[in-house]
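The values are calculated or read from the model by the stated rules, or taken from the named source; none is laboratory data. These figures come from a predicted structure and were not determined experimentally. Positions of Cβ are generated from backbone atoms using ideal geometry, with glycine treated the same way; all protein chains shown enter the neighbour counts. Just so you know, the surface numbers come from the protein's heavy atoms only, side chains and all, with ligands and any DNA or RNA stripped out. Shrake-Rupley method; radii C 1.70, N 1.55, O 1.52, S 1.80 Å.
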Number of protein chains: 2
Amino acid sequence: MADKNIPYKIYLEENELPTSWYNVRADMKEKPAPLLNPATLKPMTVEDLAPVFCTELARQELDNDTREVPIPQEILDFYKMYRPSPLVRAYFLEKALDTPAKIYYKFEGNNTSGSHKLNSAIAQAYYAKKQGLKGVTTETGAGQWGTALSMACAFFGLDCKVYMVKVSYEQKPFRREVMRTYGASVTPSPSDTTDIGRKILAEHPGTGGSLGCAISEAVECAVKSNGDYRYVLGSVLSQVLLHQSVIGQEAKTACDKYGIKPDIIIGCAGGGSNLGGLIAPFMGEKLRGEADYRIIAVEPASCPSFTRGVYAYDFADTGMICPLAKMYTLGCDFIPSPNHAGGLRYHGMSPILSKLYDDKMIEAVSVEQTAVFEAAELFARTEGTLPAPESSHAIRAAIDEALKCKETGEEKTILFGLTGTGYFDMVAYEKFNNGEMSDYIPSDEELAKYREMLPKVD
Amino acid sequence: MADKNIPYKIYLEENELPTSWYNVRADMKEKPAPLLNPATLKPMTVEDLAPVFCTELARQELDNDTREVPIPQEILDFYKMYRPSPLVRAYFLEKALDTPAKIYYKFEGNNTSGSHKLNSAIAQAYYAKKQGLKGVTTETGAGQWGTALSMACAFFGLDCKVYMVKVSYEQKPFRREVMRTYGASVTPSPSDTTDIGRKILAEHPGTGGSLGCAISEAVECAVKSNGDYRYVLGSVLSQVLLHQSVIGQEAKTACDKYGIKPDIIIGCAGGGSNLGGLIAPFMGEKLRGEADYRIIAVEPASCPSFTRGVYAYDFADTGMICPLAKMYTLGCDFIPSPNHAGGLRYHGMSPILSKLYDDKMIEAVSVEQTAVFEAAELFARTEGTLPAPESSHAIRAAIDEALKCKETGEEKTILFGLTGTGYFDMVAYEKFNNGEMSDYIPSDEELAKYREMLPKVD
């Protein structure tokens, strides 16, 4: 059944792995809008960011020009533990769909964190260690980022303080225990370890917490550590997209090696770390006019930043303590419905991807949750791997494109990002298995309300 | 830090994968003792086994002579979805131990079932499909085998009925939902769907069930299906060791390719499916006098079939409805303490491995649970992957051998089997993280009691 020359799974050799991260901003004629200091509305400098972020990471955050950033040897060594990730030809899914399309996916779930998040976690932990810090602080919602960071910190012997949204802490005890096994301390948020936590607890005694509150606690914890800790973040930031470029570089090297030319590249988009990483080198070619690709961001209909948001300056966190970023946003007060793709429940979007979307270099679609789980089930049964709900948004869109090919007879080549596995998302699968999955689409009125609350920036 | 010529992870090319299963019995001068019909005490024939097992699998079970069994193309295609599994050099674990030993592990956990069980599940599902059956029945305790079989059945469109020990069904809802996502029906055992289940429920209304009861229900369900279903089993049987030989063949091909010569080969042993598969081709060389290897089976101190059991005919199931097998056993009435390595809580051992152990071709050690989890934690923090408790028995023994090398200065090469991941075992990890892990070693008196209950067979 297989193309004779193309293996089911393509694993690159160690000597074919990328040794630099690729910074797509260097190839953008118009750069993403700068982060602004919320107090002065002036562009943030490295010095402004340094109390919160590791200094080298702050530099990477603001660096729009360096095209190739060499990956330090210690990080390359760690990458070898779980990379290369395979580029897989979805022969069995194609057969089930009876489509002439050729479907490939880059699978990032073969590591204990269960997702691509480890690619940036290890980089951020490395720079923290190199700066001589005692540790790092962060927040986690669904738990993938917290797990990845715990693994990275264990590797470098760094302390890792994770503020976990209280409702997740209670509902996902297994995620919590994975982090603890790697030596992280996990605190349910809001907690009494910070001013902001104590304030929220006093005002809302029974609250289950929110990502915004957890971010605020993690930042406060870092800022008040006498310089021993810094805060790290798993998505949205440009530094994260830089680190995640290893996904796209491996995928492109594998495609080039076997003469595969994707017509369409698809990724799920929450904060943008996966999509930004997957498309990076392909987008580079597109920006330089060397090749053309249709690039599709897939977001949940319940949290449609690209498809129904606005391109405006907004706070990256609901606590409004982080810099202002210009991005596609629903407004930092927008609370997505408790759908199950936790990693896609973010009000905004990476400033890099937002600029590319505004420049019409990428498209976006939104999909509903029940259709996403139908795609996930078909994928699991045909391709074997149980996908994460987040990743399944990309599967849905890839299947839809493949079915269009079936109608038109076109033999398009589709590449999508399978960011991770769903082993810790079985509560959501159980709802689907029981026919109890629900969809939610916010009304125009609801979105307008939060849009009006956006900060006024010229 | 790495040997220049040996990658961190060795992935074979597709054209280097085995195309036959290797039947180690063909190289054994003295064969394992035959399965006996419990009613007549005569050796079982294919006809005796056919009402319970698929006919081709019954043939494989009794075939002591065919050395190479060609793997059908459909199974080879499925294997390509998750095989080859990597042979990994544990550079970071070696560094943490400061040992001159070279440690390799064959990692079978990179598939959604989370273990090596899929290698035999797909084979058994294939022969069921080929025989025109409607489906298969089985039991599952910890859930890895049930998950693997569900995946295999989904692939071939077979019905899959899983009897899951009730206490696991209730305590491991996520495992259950993975199976349901792949389309299996999962019934808590004992249930009112079988005579034996109803009988046990009437006698013990509040029981949490047992593996023995679940086996009995699954066999009854198959036997009373008017020939539509057969019963399948994930370990112990010689057919299962045959299918699992892909593990060892891949490992040996990778070793040969890079000039790696293991001095010691280590695997955990419950029913023997993993150890038997890992060592198969190495044992073949040893049996033929072409090479020598120290081979170590690792079992839990709480269920020490090899190290404290007897080599005798016993029932393979606690319901005493399966054939009698000659094996190292603690007695089929022995109930292991509720330790957490569910896959190692079996009173007996593969007849093939039992014969090899009796012939002093393999050694065995038993290890205590707290020490096992200490090894698991060290492995997770250094090598990244969170290991299954079962696999961690092998890690413990590998670490112990590597530490002996540190004392003696010997540069031994150690190969162990990392059978799977621990994502669904976080309750056990939580106990360990909280310092609440307990050890249990059965007393001589306890073991003697069950030994006296063994069936009397000349």
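Among the residues of the range B:413-421, is there at least one that is assigned to a helix (DSSP H, G or I), more than 14 Å from B:Phe107 (Cβ to Cβ) and out of contact with any Leu (no Cβ under 8 Å at 6 or more places or on another chain)? Within the range B:413-421, not a single residue is assigned to a helix (DSSP H, G or I), more than 14 Å from B:Phe107 (Cβ to Cβ) and out of contact with any Leu (no Cβ under 8 Å at 6 or more places or on another chain). Screening A:Tyr82, A:Tyr163 for residues that are within 12 Å of chain B (Cβ to nearest Cβ) and among the hydroxyl-bearing types (Ser, Thr, Tyr) leaves exactly one candidate, A:Tyr82. Counting only residues that are in contact with a Leu (Cβ under 8 Å, 6 or more places away or on another chain) and over 16 Å from A:Phe416 (Cβ atoms), the range A:354-377 holds 1 of them.
Scanning the range A:406-431 for residues that are surrounded by fewer than 22 Cβ atoms within 10 Å (Cβ to Cβ) and either within 14 Å of chain B (Cβ to nearest Cβ) or in contact with a Ser or Thr (Cβ under 7 Å, 6 or more places away or on another chain) (or both) turns up A:Lys406, A:Tyr423, A:Val427, A:Glu430, A:Lys431. Among the residues of this structure, B:Glu14 counts as one that is among the charged types (D, E, K, R) and either in contact with a His (Cβ under 8 Å, 6 or more places away or on another chain) or over 15 Å from B:Ser238 (Cβ atoms) (or both).
Among the listed residues A:Ser210, A:Ser189, A:Ser225, which satisfies the condition of being in contact (Cβ under 8 Å) with a residue 40 or more places away in the chain and either touching a Gly at 6+ places or on another chain (Cβ under 6 Å) or open to solvent by 50 Å² or more (accessible area, probe 1.4 Å) (or both)? None of the others qualify; the one that does is A:Ser189. Here the range A:4-63 is the region considered, the condition is being of a type in the set (S, T, N, Q) and free of Cβ contacts under 8 Å to residues at least 12 places away in the same chain, and the residue that is farthest from A:Ile260 (Cα to Cα) is A:Thr40. Can we say B:Ala90 is within 11 Å of chain A (Cβ to nearest Cβ), over 29 Å from B:Phe174 (Cα atoms) and small (Gly, Ala, Ser)? Yes, satisfied. Could you tell me which residue of the range B:56-79 is farthest from the other protein chains (Cβ to nearest Cβ), considering only residues that are under 22 Å from the mean Cα position of the chain (by Cα) and among the polar types (S, T, N, Q)? Filtering first and then ranking leaves B:Asn64. Which members of the range A:432-457 meet the condition of being under 30 Å from B:Ala184 (Cα atoms) and either surrounded by 14 or more Cβ atoms within 10 Å (Cβ to Cβ) or of a type in the set (Asp, Glu) (or both)? Of everything in the range A:432-457, those that are under 30 Å from B:Ala184 (Cα atoms) and either surrounded by 14 or more Cβ atoms within 10 Å (Cβ to Cβ) or of a type in the set (Asp, Glu) (or both) turn out to be A:Phe432, A:Asn433, A:Glu436, A:Met437, A:Asp439, A:Tyr440.
The criterion of being part of a helix (DSSP H, G or I), crowded, with 23+ Cβ neighbours inside 10 Å and modelled with pLDDT of 95 or more holds for B:Leu353.
Filtering the range B:383-405 to residues that are part of a helix (DSSP H, G or I), open to solvent by less than 20 Å² (accessible area, probe 1.4 Å) and of a type outside the set (D, E, K, R) leaves B:Pro389, B:Ser391, B:Ser392, B:His393, B:Ala394, B:Ile395, B:Ala397, B:Ala398, B:Ile399, B:Ala402, B:Cys405. Strands (runs of 3 or more DSSP E) fully within the range A:1-91 that include at least 3 residues being under 29 Å from A:Glu383 (Cβ atoms): A:87-89. In the set (1) open to solvent by less than 60 Å² (accessible area, probe 1.4 Å); (2) under 30 Å from A:Ala388 (Cβ atoms); (3) not hydrophobic (A, V, I, L, M, F, W, C), the condition left unmet by B:Glu13 is number (1). Annotation note: Cβ proximity below 8 Å between a residue of the range A:335-360 that is under 13 Å from A:Gly272 (Cβ atoms) and a residue that is at pLDDT below 90 and of a type in the set (S, T, N, Q) (sequence gap 6+ or interchain) occurs for A:His347/A:Thr318. Taking the criterion of being away from chain B (no Cβ under 14 Å), under 13 Å from A:Ala269 (Cα atoms) and not aliphatic (A, V, I, L, M), the residues of the range A:360-395 that qualify are A:Glu363, A:Ser366, A:Glu390, A:His393. Looking at A:Thr138, A:Thr147, A:Thr99, can you tell me which residue is of a type in the set (S, T, N, Q) and in contact with a strand residue (DSSP E or B) (Cβ under 7 Å, 6 or more places away or on another chain)? Result: A:Thr138 is the single residue among A:Thr138, A:Thr147, A:Thr99 that is of a type in the set (S, T, N, Q) and in contact with a strand residue (DSSP E or B) (Cβ under 7 Å, 6 or more places away or on another chain).
Quick check on the range B:382-391. Is at least one of its residues charged (D, E, K, R), closer than 30 Å to A:Gly422 by Cα and at pLDDT 95 or above?
Yes, the conditions are met somewhere in the range B:382-391.
Under the condition of being of a type outside the set (S, T, N, Q), within 14 Å of another protein chain (Cβ to nearest Cβ) and outside any loop (DSSP other than H, G, I, E, B), the residues counted in the range B:432-458 number 1.
Do you know which residues across the range B:277-305 are without any contact (Cβ under 8 Å) to a residue 60 or more places away in the chain and part of a helix (DSSP H, G or I)? Listed by number, the residues that qualify are B:Phe282, B:Glu285, B:Ser305.
Set side by side, the residues A:Glu203, A:Glu177, A:Glu217 differ, and just one is crowded, with 20+ Cβ neighbours inside 10 Å, of a type in the set (Asp, Glu), farther than 20 Å from A:Ala152 by Cα and assigned by TED's automatic domain parsing to the domain that holds A:Gly135, which is A:Glu217. Against the conditions (1) open to solvent by 40 Å² or more (accessible area, probe 1.4 Å); (2) among the β-branched types (Val, Ile, Thr); (3) within 30 Å of B:Tyr91 (Cβ to Cβ), B:Thr19 satisfies every one except (3).
Of all the residues in the range B:408-434, those that are in contact with a strand residue (DSSP E or B) (Cβ under 7 Å, 6 or more places away or on another chain) and aliphatic (A, V, I, L, M) number 3. Take A:Ala154 and decide whether it is in contact with a Gly (Cβ under 6 Å, 6 or more places away or on another chain), free of Cβ contacts under 8 Å to residues at least 60 places away in the same chain and open to solvent by 10 Å² or more (accessible area, probe 1.4 Å). Against the criterion (in contact with a Gly (Cβ under 6 Å, 6 or more places away or on another chain), free of Cβ contacts under 8 Å to residues at least 60 places away in the same chain and open to solvent by 10 Å² or more (accessible area, probe 1.4 Å)), A:Ala154 qualifies.
Checking A:Gly284 against (1) within 22 Å of A:Leu242 (Cα to Cα); (2) in contact with a His (Cβ under 8 Å, 6 or more places away or on another chain), only one condition comes out false. Which one? Looking at each condition in turn, A:Gly284 falls short on (2).
Select from the range A:117-145 the residues that are open to solvent by less than 20 Å² (accessible area, probe 1.4 Å) and within 14 Å of another protein chain (Cβ to nearest Cβ) and write down the one among them that is nearest to A:Arg345 (Cα to Cα). Among residues in the range A:117-145 that are open to solvent by less than 20 Å² (accessible area, probe 1.4 Å) and within 14 Å of another protein chain (Cβ to nearest Cβ), the one nearest to A:Arg345 (Cα to Cα) is A:Gly143. Among the residues of the range B:243-265, none qualifies, meaning not one is among the small types (Gly, Ala, Ser) and in contact with a His (Cβ under 9 Å, 6 or more places away or on another chain).
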